[in-house]
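Down below is the structure, laid out as structure tokens.
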Amino acid sequence: MTVYPALRQMVLDSTNVRTLAEFYRRLFGLQYRPGDEPPAAGAPDERGQDWLVLQNPHGGIQLAFQQVEELPKATWPERGVPQQAHLDTTVESVQELDAQHERALGLGASLLYDRSADPDEPLRVYADPDGHPFCVFVA
């Protein structure tokens, strides 16, 4: 019997791990791993300087954030800096796709590509505040 590694989490580099973690926490309804929560107002953010983990309260893979000095933003769909990786997320209807569009923009995402009128697979591609692409599509 072959044993395979289990996919635990996706790690995103960031120039500000707390800001990016907060973006995804609010976008996907995730929660901080115990000990990674933001500090009390006015207290130093020791954990938010290097590495943070968000967990899905319903199970599944986690998102982690690793601090880096600099990060070139993907320029996709234009040439230059490719996506390298992106997150795929789904909603159940075009109406929900439109609602999530407003939420994503309100949280600081920017729209990279809009194929929401496609009758076979409506989708939109966004960049998070650090420039990582992610898709929301109807499935």
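The values are calculated or read from the model by the stated rules, or taken from the named source; none is laboratory data. Quantities reported herein were computed from a predicted structural model and do not represent experimental measurements. Note that we place each Cβ from the backbone using ideal geometry, even for glycine, and neighbour counts take in every protein chain shown.
Name the one entry in Asp120, Asp130, Asp114 that is within 25 Å of Leu71 (Cα to Cα), part of a loop (DSSP other than H, G, I, E, B) and of a type outside the set (Phe, Trp, Tyr). Give the steps one after another, and end with the answer.
On the way: Asp120 fails: within 25 Å of Leu71 (Cα to Cα); Asp114 fails: part of a loop (DSSP other than H, G, I, E, B).
Unique residue meeting the criteria: Asp130.
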**Request:** Could you please let me know if Arg115 is surrounded by 14 or more Cβ atoms within 10 Å (Cβ to Cβ) and of a type in the set (D, E, K, R)?
**Result:** no
**Request:** State whether one or more residues within the stretch 45-68 are touching a residue at least 60 places away in the same chain (Cβ under 8 Å), within 22 Å of Leu105 (Cβ to Cβ) and not small (Gly, Ala, Ser).
**Result:** no
**Among the residues listed as Arg79, Arg115, the single one being outside the structural domain of Thr19 (by TED's automatic domain parsing), more than 15 Å from the chain's Cα centre (by Cα) and modelled with pLDDT of 95 or more** = Arg115
**Subset of the stretch 77-97 [assigned to a loop (DSSP other than H, G, I, E, B) and at negative phi]** = Pro77, Glu78, Arg79, Val81, Pro82, Gln83, Ala85, His86, Glu92, Ser93
**Request:** Can you confirm whether the stretch 90-97 contains a residue that is of a type outside the set (Phe, Trp, Tyr), at pLDDT 95 or above and under 17 Å from Leu112 (Cβ atoms)?
**Result:** yes
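Within the bounds of the stretch 112-124, is there any residue that is of a type outside the set (A, V, I, L, M, F, W, C) and under 20 Å from Asn16 (Cβ atoms)?
Residues of the stretch 112-124 that are of a type outside the set (A, V, I, L, M, F, W, C), as a first pass: 113-116, 118-122, 124.
From what's left, under 20 Å from Asn16 (Cβ atoms): none.
No, the conditions are met nowhere in the stretch 112-124.
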**Message:** Among the numbered criteria (1) touching a helix residue (DSSP H, G or I) at 6+ places or on another chain (Cβ under 9 Å); (2) at pLDDT below 95; (3) not assigned by TED's automatic domain parsing to the domain that holds Arg25, which one does Ala109 miss?
**Reply:** (2)
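Quick one: how many residues across the stretch 69-116 are of a type in the set (Asp, Glu) and in contact (Cβ under 8 Å) with a residue 12 or more places away in the chain? Can you show your working first?
Our first condition is that a residue be of a type in the set (Asp, Glu); within the stretch 69-116, this holds for 69-70, 78, 88, 92, 96, 98, 102, 114.
In the following step, the residues that additionally are in contact (Cβ under 8 Å) with a residue 12 or more places away in the chain were identified as 69-70, 88, 92, 96, 98.
Looking only at that region, the number is 6.
Can you confirm whether Arg124 is of a type in the set (Lys, Arg) and touching a helix residue (DSSP H, G or I) at 6+ places or on another chain (Cβ under 9 Å)?
On the way: of a type in the set (Lys, Arg): yes; touching a helix residue (DSSP H, G or I) at 6+ places or on another chain (Cβ under 9 Å): yes.
Judged against the criteria, Arg124 is a match.
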**Request:** Output the number of residues of the stretch 1-45 satisfying the condition of being among the β-branched types (Val, Ile, Thr) and outside any loop (DSSP other than H, G, I, E, B).
**Result:** 3
**Request:** From (1) surrounded by 13 or more Cβ atoms within 10 Å (Cβ to Cβ); (2) in the same structural domain as Thr19 (by TED's automatic domain parsing), pick out the condition that doesn't hold for Gly42.
**Result:** (1)
